[in-house]
Amino acid sequence: MKKSREWIQSIISNPLYGLLVILVILTLANSWFRGFDHDELEAIHTAWKMAAGEVIYVDFFQHHNPLFYYVLEPFLWVFSDDTSVLRIARLFMFTMYAAVLFVTYKLALLVLKERRDALLSVVVLAGTTYFFDKAIEVRPDVPQVLFGLMSIYWMFLYFDKRKLMYALLSGVSLGISFLFLQKAIFLILIIGLILARRLFNRSMPVQEFFYYWLAFAATVLPYALYLLLNDQFSTYITFNWLLNMKFSHTFSPVSGVLAIYQKNTLVWLFFIVGVACMEKGVMREILFLVLALMGSLLMVKAPYPQYYMMFLPLVAVVAALGARRMFQYPVHYGIAAVVASALPIFVLATQVVLKNNSKELAKIEYVRSNTKPDDFIYDGEIYFNLFRRDIDYFWFSVRPGVGGLATYQSITPYSYDVYESIRKYKPALISLNYLDKDMPIIKNNYFQSDKYPDLWLRKSSDS
């Protein structure tokens, strides 16, 4: 009872706890109400197709590693074609967001030693706009970041405690991170360099270095064997690696870096101070991870905001060190500075009201209620068809010249005739994405929805 009272008093006396609670509540509201990203609908529909018996990479196009969709699949078993699965999936992602905060706290406590500094790092992370915006989305990047961060934590705990079990846990976590998303390859290479340096300066035994990568391989190889035994390995390589490397859509990470600096200027100021006062040792390896992960953005053709999530928890740890050094006396100045760094979140949270997901859910429900479970639909991207079959292997990213379809056709011959597919499968509903409405197959068989002008419904009988 006494300990509980002391714990409550410590929360009341430290404004950081209150700020963290506010930020987490805002994030939960963002998770529940904010509009859905295109990639989130892609993830849900992929899981729906798998729950319906389709085989990823074989029966339909997907260019991400598979584990996330297997994890989502049970939600589709339970909720089937109920649009509430979208919000349920968002809540599931919120638990991963909370787990990232927790692992960040544990990592900061390990390397900074002070609970106050560890809490500070979590507040800084929760107050970073890109993390606030992307860490609640239904996308494989979130578990990839969670398990990647767990791998980093276990690795540093191994360095601190010298127990082989922690090295094995780090290797397994790194393997799981990769199974969620192949962009974990950058973290794999960076951790490999850190371990190789430790091996070179004899602070890591050769045997334990070998066991680390054995644990990683034991995590990844079973799925590789599954692909080989089912004659799917070459298909996996084509769609998850060759195609992604050949995508023509490209842009520089400079604009993203400038945007995250402008939105969270104080965080980066704390980070720079943290770097300046950093001592040799583990914190230098944390800094190496940050800089190497940021540098990896230069190797990515299209570094979207979710690519920044992997290094933001590490930035927050270094920033907490900087904030402590800047405002050690009195501490309340530091708290005020952290509050200021979190202010962009409150601005961003207003978008929940302006860009809520009610209209999206209503449209998806309209499509669901105006079609039957065994109907086909042509979406052309992934805007509304979450719970019905598609008319081609390529069900999204079919934009002429730059999409996944066009990229695949540059690798190998593939015949794609959308009008022939419409004639063959007679989709109950279509959009006009990349279609000509004056084509006879459209004019004679479809009429425009009076509620959603971009949707066309099939006439009761063919003309």
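Quick note: the coordinates plus some simple rules give every number you see, no bench work behind them. The shown structure was predicted, so the numbers you read here are calculated from the model rather than taken from an experiment. Counting neighbours? That spans all protein chains shown, and the Cβs are built from the backbone with ideal geometry, glycine included.
Summary of values
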{"item": "DSSP-loop trypsin sites (Lys or Arg not before Pro) across the range 191-228, with at most 12 other Cβ within 10 angstrom", "result": "Arg202"}
{"item": "Cleavage-rule hits, trypsin sites (Lys or Arg not before Pro), the range 93-183, DSSP coil, Cβ neighbours within 10 Å at most 16", "result": "Lys113, Arg162, Lys163"}
{"item": "Rounded to whole Å, sorted largest first: equivalent-ellipsoid semi-axes of the chain, Cα gyration tensor", "result": "43, 27, 19"}
{"item": "Residues Tyr166, Tyr211, sorted so that the one with the fewest Cβ neighbours within 10 Å comes first", "result": "Tyr211, Tyr166"}
{"item": "Whole-Å distance, taken between Cα centres, linking the range 368-438 and the range 103-165", "result": "40"}
{"item": "Expected 222 nm ellipticity per residue - DSSP helices of 4 or more, -39500 (n - 2.57), all of the chain, to 500", "result": "-20500 deg cm²/dmol"}
{"item": "The range 20-100 shape via C-alpha gyration tensor axes, a/c threshold 1.5", "result": "prolate"}
{"item": "The range 427-463: chymotrypsin sites (Phe, Trp or Tyr not before Pro) falling in loop per DSSP and having at most 14 other Cβ within 10 Å", "result": "Tyr434"}
{"item": "Proxy reagent accessibility, fewest Cβ within 10 Å first, across Phe270, Phe36", "result": "Phe36, Phe270"}
{"item": "Modelled FRET efficiency - R0 35 Å, Val55 with Asp454, Cβ distances, 0.05 increments", "result": "0.65"}
{"item": "Spatially proximal lysines relative to Lys163 (Cα-Cα < 30 Å; intrachain offsets below 8 disregarded)", "result": "Lys106, Lys113, Lys183, Lys280"}
{"item": "Sites Val402 and Thr235, calculated FRET efficiency, Cβ-Cβ separation with R0 22 Å, nearest 0.05", "result": "0.50"}
{"item": "Residues Glu208, Glu279, Glu40 arranged by fewest to most Cβ contacts within 10 Å", "result": "Glu279, Glu208, Glu40"}
{"item": "Global geometry of the range 238-360, whether rounded, prolate or oblate, following the gyration tensor of its Cα atoms and the 1.5 cut on a/c", "result": "oblate"}
{"item": "Local electrostatic count at Pro344 - Lys and Arg +1, Asp and Glu -1, tallied over other residues with Cβ under 11 Å", "result": "0"}
